[in-house]
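Everything below concerns the one structure shown next.
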Amino acid sequence: MAILLVAAPRADGRDRQPTGTGRPGLPTAVTVEMQAWAHHAVAGVEDDLSRLRALHGPLTREGAQKVHEILGPTPTAALAFASRRADCVGFALLLVTLARSVGIDAGYVLVATEQPAAGLGSLRVLRSHLAVTFADRVFDLAGEEAFVPARHHRILDRSALAVFYSNRGAQELASGHAAEAVDFLWQALRLDPSLGPVWSNLGVALRRSGDAAGAVLAHEMALRLDPGDANALLNLSIARADTDSAP
């Protein structure tokens with residue numbers, strides 16, 4: 001069972017990381033082309049909310065600059081910019097990275113309303129939604145809306161990056177690449193070990209890569225964080241059965 005996008009703690013944004021020109025494979029690395037595009041988009045616009053709208057508009061309106069929505073794999077900000085294709089996580093990374101490259105202190109929110117679970121082979125997929133916030137407004141691929149505390153939960157940068165790696169791990173798992181999934185999920189948990197569903201995903205990936213004992217420990221951690229997690233409980237029983245039957 002896999003969860004593509006998981007919930008994360010509320011945050012006050014104090015861990016904001018400046019956008020850097022690090023390795024292109026990093027989720028929030030900014031390229032020279034991205035910086036040039038962002039500076040051109042906001043030229044002559046004075047207040048930061050209007051500047052963010054100047055970035056968001058071309059990326060969501062019909063035209064050559066529009067980012068088209070995809071189901072996955074989740075792209076980095078640089079790849080989303082270059083390909084003009086992203087899921088909600090990739091788009092959020094892109095918009096925040098562009099905003100911070102021109103000095104706008106945008107952040108991340110998770111939307112509380114979750115889409116229904118769907119089947120994907122032997123996996124159960126549960127989707128949620130990552131978006132961007134600034135000045136009590138929320139921006140995503142669908143447009144702009146007011147920030148509503150009951151629906152929108154601010155999260156730390158490290159939790160948003162954990163969601164990126166969790167997505168990539170779940171996508172690798174759904175594609176049958178368990179070992180690659182383990183690597184991505186460990187990256188997510190190093191950033192935010194409080195994400196119970198990611199521990200559960202890690203347990204599935206470990207079991208499918210042949211480490212049933214490690215899977216048991218991962219599912220136990222998921223249940224320690226959320227004793228009511230039915231998925232983790234079911235997966236724990238499967239992993240324990242594997243360890244009992246091991247020679």
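Measuring nothing but how far apart in sequence close Cα pairs (under 8 Å, 6+ apart) lie, relative to its length, the range 118-247 scores a relative contact order of 15 percent.
Once the chain from residue 85 to residue 150 is taken as fully extended at 0.36 nm per residue, the excess over their C-alpha distance is 20.4 nm.
Could you sort 181-188, 79-86 so that the peptide with the highest average Cβ count within 10 Å comes first and the rest follow in order? Let's see the in-between values first.
On the way: 181-188: 22.2, 79-86: 19.1.
Top of the packing list down: 181-188, 79-86.
Computed log10 I(q)/I(0) for the range 32-245 at 0.18 Å⁻¹: -1.22, from the Debye equation with unit scatterers placed on every C-alpha and solvent omitted. For the range 67-80, putting each phi into the Karplus relation 6.51 cos²θ - 1.76 cosθ + 1.60 with θ = phi - 60° gives couplings of 8, 8, 7, 10, 8, x, x, 5, x, 5, 4, 5, 5, 4 Hz, in residue order, rounded to whole numbers and with x for Gly and Pro. Could you tell me whether the range 185-227 comes out rounded, prolate or oblate from its Cα gyration tensor? Rule is a ≥ b ≥ c as square roots of the eigenvalues, rounded for a/c under 1.5, then prolate if a/b exceeds b/c, otherwise oblate. Judged from the Cα gyration tensor, the range 185-227 comes out oblate (a/c at least 1.5, b/c at or above a/b).
Quick note: the coordinates plus some simple rules give every number you see, no bench work behind them. Computed from a predicted model, the values in this text were never measured in an experiment. We place every Cβ from the backbone using ideal geometry, glycine too, and count neighbours over all the protein chains shown.
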